[in-house]
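S.K.: I'd like to ask you about the structure that follows.
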Amino acid sequence: MTKQRKIIFIMALFFFSAFSLWNISFVFISSGVLLKEIGFQLFLIHILYACLSFIITVTIYLLTTLVSAKKMNSVILRTAVNAVFIIILLIRNLDWLTIYHGGDHIDTEFWFHAFYVDGSAFIFTIPSGVIIFISVVFVVLLNILLSQTFQIVRNSNNNKPWSSVSPGNQIVFIVALFVAISILFASTLPLQHKPGSFIYTAYPEYHFVTSLYGYCKGSNLSELPEMSVSVIDKLEKSGVRLNTVSEEFPFLKNSIYLDPKSRNVKKPVFKNRPNVIIVLVESLSQFFIDEEDLGYTGLTPTFQDIKKSGYMYTRMVEANFPTVRGIIATLGSSLYFISKSEGMDAKKGAKQVWLPILCRFSFLSDILMPYNYTSVHFQGGSGSFVGMENAFTNRQSYSKFYSLDNLEMLSFSKAGYNLGNWGLWDEDVLGFVKHQIQNERIEKPFFITISTLDLHPPFNSKHTHPNADGSPLLNSLYSTDRAVGVLWDYYKNSSLKDNTIFVIVSDHAMGTGEEYLKIRKDYLERKGMLESRYFEDKFISCVMVFPDNPDYAGKTNDILCSNLDIAPTLLDIMNIDSKNSFLGLSLFSERKEYPSLITAKNKISLPLVKKYLSEEEKKLIKTVGWNAEDQKVLIQYINFLSQKRRIFPEKTVE
């Protein structure tokens, strides 16, 4: 093999490796990918990469001979090749990181948030550092190959420079080059839109250019979806009032009350504005903290103790699912739907993955900030997931965000990283919260929110209990209870018990997985309700402990509600009224007048929820007449407002 052919082969192999690494890397890091399902598509893509690499290499070589024959300076050609290659690498790296963190290729939704405050900051994490390092290595290798190519061409005695080729042949070569690339690209273009597999067999450059063009041209949601008078009237009858302050922000209101007189109701009273701690417990269906219903004793001593001291809502349904949506519902009384599906086949249970949160909500932290509250969030998972840390600290008025990425909390962790649940153990997180409060690291008054992980599948438990019968789920429940107990024991034995509202609430109900269904079926059988329509239980746990309010200790309330009502309820009892974009109502003032709850997927229509409705509630809900078509319109409406960042303004509207 001559030196010319050898350098052409090596350079073609270099470009082929650079292109194929993007696709191959995703196959290796993705779980549940069946190679046989995408093997043929990958094969076609790599044929294109091989041909494209050869064409690029030959073009560079011919241009090199031209520069050498003309005795021109090679810097211009080197710079041009490097510029094109670096641009391609940047596009591929950006798309790779977007998929890695967000679950889908760069699309118009990406561009909607990319220029928004910190919208793309989620990609600048440890994986991005690895990607940048690999890219630098590729650029260095490219320049070594270019230097070798120029040296071989200059030392060669039998070069046939481009200039010696007749004009006709030059045109033929250019046309042939264009046709070859076009045919190769067109033959694999359908793979760019093939459900499931296209995430592994895509051209990042194609998605980058087409999505940027689509964004500049305008989203397919360029106009606010029409909401009929009928739907608006049904929302009003459900306690959701539109366009009271601004048509630009339809959900924005001047008050948490629909009727100002509603604030003058019996409710907990505080001499001074209290601190607030909210523990957002992963998947804590109400079923789990009722030992009689659960059928197992001794697994939740902490939750039983909290129930004795607190005020428990027995008919609270989840507003949204999964965790991020549940947190937004609880802290911001808002529904959020934008997400992406990832996986080889949606019918096989493809999980939901997320782009960074696109907009701002009226979180409790925002409303409490003018009252000098210090807002701090703690969670065992990564803060880069859906851009949570950036959203909380840069948009939602949080002073600090502690997560897996925080070295201070990571070094405090005694048990280390819980790999199965992608985060720190709850016991270490709650212990760190206790440590921060105990050592006065958080200025009072404070608003603390904590999101747990242990009760998330695949149920890796830190502790086991003999009464759990070896169930991974029940042992995870016990581990969660012990973790919450670390903070609860400190709370009730410190001055916090005199001036701090302590709230336990689930982010959402437990999903109907195999482990859960085993336990659920036993319960339904004991109740004589062993029917599949009752398997899906959307009632969630919620207990509020109000210091120095004995009338609300150890009591229950069976009002029909959702976690959308928590934010307005806390503000109501704290005597704070403010502009907001809430969908919920205070549980002490107005919620009882509006039993037709607005939630994701219309949860009050589920058989098990309907079973526990009173006849009067059924009548009122039927009178409202909210249906599936209304729900679809609402989701489209909220998606538009979320995408356009019109849920809550960046600055308070005066």
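The values are calculated or read from the model by the stated rules, or taken from the named source; none is laboratory data. Bear in mind the structure is a predicted one, so any value in this text is a computation, not a measurement. Neighbour counts run over all protein chains shown; Cβ positions are idealised from the backbone, glycine included. Each accessible area value is taken on the protein alone, full model and side chains, heavy atoms only, with ligands, DNA and RNA left out. Shrake-Rupley method; radii C 1.70, N 1.55, O 1.52, S 1.80 Å.
S.K.: Exactly one condition in (1) within 28 Å of the chain's Cα centre (by Cα); (2) under 24 Å from Asn580 (Cα atoms); (3) open to solvent by 70 Å² or more (accessible area, probe 1.4 Å) is false for Pro250; which is it?
M.R.: Only one criterion in (1) within 28 Å of the chain's Cα centre (by Cα); (2) under 24 Å from Asn580 (Cα atoms); (3) open to solvent by 70 Å² or more (accessible area, probe 1.4 Å) is unmet by Pro250, namely (3).
S.K.: From the list Phe337, Phe385, Phe401, which one is at pLDDT 90 or above and not hydroxyl-bearing (Ser, Thr, Tyr)? Walk me through how you get there before you give the answer.
M.R.: Numbers: Phe337 fails: at pLDDT 90 or above; Phe385 fails: at pLDDT 90 or above.
Going through Phe337, Phe385, Phe401 in turn, the sole match is Phe401.
S.K.: In the list Ser605, Ser614, which residue meets the criterion of being closer than 15 Å to Arg315 by Cα and out of contact with any helix residue (DSSP H, G or I) (no Cβ under 9 Å at 6 or more places or on another chain)? Even if it seems obvious, please write down each step before you answer.
M.R.: Numbers: Ser605 fails: out of contact with any helix residue (DSSP H, G or I) (no Cβ under 9 Å at 6 or more places or on another chain).
Unique residue meeting the criteria: Ser614.
S.K.: What about Lys194, is it out of contact with any Asp or Glu (no Cβ under 9 Å at 6 or more places or on another chain), within 30 Å of Gln636 (Cα to Cα) and at pLDDT 70 or above?
M.R.: Working: out of contact with any Asp or Glu (no Cβ under 9 Å at 6 or more places or on another chain): yes; within 30 Å of Gln636 (Cα to Cα): yes; at pLDDT 70 or above: no.
No.
S.K.: If you take the residues of the range 67-77 that are assigned to a helix (DSSP H, G or I) and open to solvent by 40 Å² or more (accessible area, probe 1.4 Å), which of them is farthest from Ala202 (Cα to Cα)? Spell out how you get there, then give the answer.
M.R.: Kept after step one, since they are assigned to a helix (DSSP H, G or I), are these residues of the range 67-77: 67-69, 75-77.
From the residues that got through so far, the ones that are open to solvent by 40 Å² or more (accessible area, probe 1.4 Å) too are 69, 75-76.
Numbers: Ala69: 39, Val75: 33, Ile76: 31 Å.
Applying the filter and picking the extreme gives Ala69.
S.K.: Further question: Any idea which residue in the range 373-401 is surrounded by the fewest Cβ atoms within 10 Å (Cβ to Cβ), counting only those that are among the aliphatic types (A, V, I, L, M) and in a helix (DSSP H, G or I)?
M.R.: Kept after step one, since they are among the aliphatic types (A, V, I, L, M), are these residues of the range 373-401: 376, 386, 388, 391.
Applying the additional criterion that residues be in a helix (DSSP H, G or I) yields 386, 388, 391.
Values: Val386: 22, Met388: 26, Ala391: 27.
Per the criteria, the residue is Val386.
S.K.: Next question, about the same structure. What number of residues in the range 422-474 are part of a helix (DSSP H, G or I), of a type in the set (D, E, K, R), surrounded by 19 or more Cβ atoms within 10 Å (Cβ to Cβ) and touching a helix residue (DSSP H, G or I) at 6+ places or on another chain (Cβ under 6 Å)? First the steps, then the outcome.
M.R.: Restricting attention to the range 422-474, the residues satisfying the condition of being part of a helix (DSSP H, G or I) are 426-438, 466-468, 472-474.
Narrowing the set further to residues that are of a type in the set (D, E, K, R) leaves 426-428, 434.
Adding the requirement that they be surrounded by 19 or more Cβ atoms within 10 Å (Cβ to Cβ) leaves 426-428.
Adding the requirement that they be touching a helix residue (DSSP H, G or I) at 6+ places or on another chain (Cβ under 6 Å) leaves 426-427.
Total meeting the criteria: 2.
S.K.: Same structure, new question: Working only within the range 241-256, note down all residues that are more than 19 Å from Leu364 (Cβ to Cβ) and not basic (Lys, Arg). Can you show your working first?
M.R.: So the first thing to find is which residues in the range 241-256 are more than 19 Å from Leu364 (Cβ to Cβ), and the list is 241-248, 250.
Of everything in the range 241-256, those that are more than 19 Å from Leu364 (Cβ to Cβ) and not basic (Lys, Arg) turn out to be Leu242, Asn243, Thr244, Val245, Ser246, Glu247, Glu248, Pro250.
S.K.: Which pairs have Cβ atoms under 6 Å, sit 6 or more apart or on different chains, and link a residue in the range 46-65 that is free of Cβ contacts under 8 Å to residues at least 40 places away in the same chain to one that is of a type outside the set (Gly, Ala, Ser) and buried (at least 18 other Cβ atoms within 10 Å of the Cβ)?
M.R.: From the range 46-65, the pairs are Tyr49/Phe16; Tyr49/Phe19; Ala50/Phe16.
S.K.: Testing Ser494 on (1) small (Gly, Ala, Ser); (2) surrounded by fewer than 21 Cβ atoms within 10 Å (Cβ to Cβ); (3) in a helix (DSSP H, G or I), one condition comes back false. Which one is that?
M.R.: (3)
So that you can scan it fast, the table gives a plain yes or no per residue for (1) modelled with pLDDT of 85 or more; (2) in a helix (DSSP H, G or I); (3) more than 30 Å from Pro445 (Cα to Cα):
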{"site": "Thr210", "(1), (2), (3)": "no, yes, yes"}
{"site": "Cys216", "(1), (2), (3)": "no, yes, yes"}
{"site": "Glu223", "(1), (2), (3)": "no, no, yes"}
{"site": "Arg241", "(1), (2), (3)": "yes, no, yes"}
{"site": "Val269", "(1), (2), (3)": "yes, no, no"}
{"site": "Asn272", "(1), (2), (3)": "yes, no, no"}
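S.K.: Any residue in the range 558-567 that is under 30 Å from Asp522 (Cβ atoms), in a helix (DSSP H, G or I), at pLDDT 95 or above and of a type outside the set (A, V, I, L, M)?
M.R.: First, pick out the residues of the range 558-567 that are under 30 Å from Asp522 (Cβ atoms): 558-563.
Subsequent filtering for residues that are in a helix (DSSP H, G or I) retains 563.
Those still in the list that are at pLDDT 95 or above too: 563.
Filter once more, keeping what is of a type outside the set (A, V, I, L, M): 563.
Yes, that holds for at least one residue.
S.K.: Right, another one. Assess whether Ile277 counts as being in contact with a strand residue (DSSP E or B) (Cβ under 9 Å, 6 or more places away or on another chain), open to solvent by less than 30 Å² (accessible area, probe 1.4 Å) and either at positive phi or not in a helix (DSSP H, G or I) (or both).
M.R.: Numbers: in contact with a strand residue (DSSP E or B) (Cβ under 9 Å, 6 or more places away or on another chain): yes; open to solvent by less than 30 Å² (accessible area, probe 1.4 Å): yes; either at positive phi or not in a helix (DSSP H, G or I) (or both): yes.
In short, yes.
S.K.: What do you reckon, is Ser642 touching a residue at least 60 places away in the same chain (Cβ under 8 Å), touching an Asp or Glu at 6+ places or on another chain (Cβ under 9 Å) and farther than 26 Å from Glu536 by Cα? If you could, list the steps in order and put the result at the bottom.
M.R.: Values: touching a residue at least 60 places away in the same chain (Cβ under 8 Å): yes; touching an Asp or Glu at 6+ places or on another chain (Cβ under 9 Å): no; farther than 26 Å from Glu536 by Cα: yes.
So Ser642 fails the test.
S.K.: Sort out which residues of the range 450-476 are farther than 17 Å from Gly423 by Cα and among the hydroxyl-bearing types (Ser, Thr, Tyr), and write them in order of number.
M.R.: Listed by number, the residues that qualify are Thr464, Ser471.
S.K.: Look at the range 617-627 and say how many of its residues are β-branched (Val, Ile, Thr) and either surrounded by fewer than 18 Cβ atoms within 10 Å (Cβ to Cβ) or out of contact with any helix residue (DSSP H, G or I) (no Cβ under 6 Å at 6 or more places or on another chain) (or both). Lay out the reasoning, then the answer.
M.R.: Going residue by residue through the range 617-627, those that are β-branched (Val, Ile, Thr) are 621, 623-624.
Imposing the further condition that a residue be either surrounded by fewer than 18 Cβ atoms within 10 Å (Cβ to Cβ) or out of contact with any helix residue (DSSP H, G or I) (no Cβ under 6 Å at 6 or more places or on another chain) (or both) reduces the set to 621, 623.
Result for the range 617-627: 2.
S.K.: Going through the range 402-414 one residue at a time, which ones are surrounded by fewer than 22 Cβ atoms within 10 Å (Cβ to Cβ) and either under 16 Å from the mean Cα position of the chain (by Cα) or not small (Gly, Ala, Ser) (or both)?
M.R.: Quick first cut of the range 402-414, residues surrounded by fewer than 22 Cβ atoms within 10 Å (Cβ to Cβ) only: 404-408, 410-414.
Residues satisfying the conditions are Leu404, Asp405, Asn406, Leu407, Glu408, Leu410, Phe412, Lys414.
S.K.: So, one more: Return yes when Leu477 is in contact (Cβ under 8 Å) with a residue 60 or more places away in the chain and either basic (Lys, Arg) or open to solvent by 10 Å² or more (accessible area, probe 1.4 Å) (or both) and no when it is not. Before the answer, list the steps.
M.R.: On the way: in contact (Cβ under 8 Å) with a residue 60 or more places away in the chain: yes; either basic (Lys, Arg) or open to solvent by 10 Å² or more (accessible area, probe 1.4 Å) (or both): no.
Answer is no for this residue.
S.K.: Still on this structure, I have one more. Scan the range 628-651 for residues that are closer than 26 Å to Asn580 by Cα and exposed (fewer than 13 other Cβ atoms within 10 Å of the Cβ) and jot them down. If you could, list the steps in order and put the result at the bottom.
M.R.: Narrowing the range 628-651 to residues closer than 26 Å to Asn580 by Cα: 630-651.
Passing the criteria: Lys632, Glu650, Lys651.
S.K.: Something else: Show the residue pairs that are 6+ apart or on different chains and have beta-carbon atoms under 8 Å apart, the first residue being within the range 516-527 and touching a residue at least 60 places away in the same chain (Cβ under 8 Å), the second being open to solvent by 10 Å² or more (accessible area, probe 1.4 Å) and polar (S, T, N, Q).
M.R.: Pairs found: Ile519/Ser471; Arg520/Thr512.
S.K.: On to the next question. How many of the residues in the range 497-522 are within 16 Å of Val609 (Cα to Cα), open to solvent by 10 Å² or more (accessible area, probe 1.4 Å) and touching a helix residue (DSSP H, G or I) at 6+ places or on another chain (Cβ under 9 Å)? Give the derivation first.
M.R.: Of all residues in the range 497-522, those within 16 Å of Val609 (Cα to Cα) come to 508-512, 520.
Adding the requirement that they be open to solvent by 10 Å² or more (accessible area, probe 1.4 Å) leaves 511-512.
Within this subset, residues satisfying the condition of being touching a helix residue (DSSP H, G or I) at 6+ places or on another chain (Cβ under 9 Å) are 512.
Residues in the range 497-522 being within 16 Å of Val609 (Cα to Cα), open to solvent by 10 Å² or more (accessible area, probe 1.4 Å) and touching a helix residue (DSSP H, G or I) at 6+ places or on another chain (Cβ under 9 Å): 1 in total.
S.K.: Could you please tell me which pairs satisfy a Cβ distance under 8 Å, a separation of 6+ or placement on different chains, a first residue in the range 443-468 that is closer than 24 Å to Arg273 by Cα, and a second residue that is among the acidic types (Asp, Glu) and in a loop (DSSP other than H, G, I, E, B)?
M.R.: Within 8 Å, the pairs are Ser451/Glu282; Ser451/Asp507.
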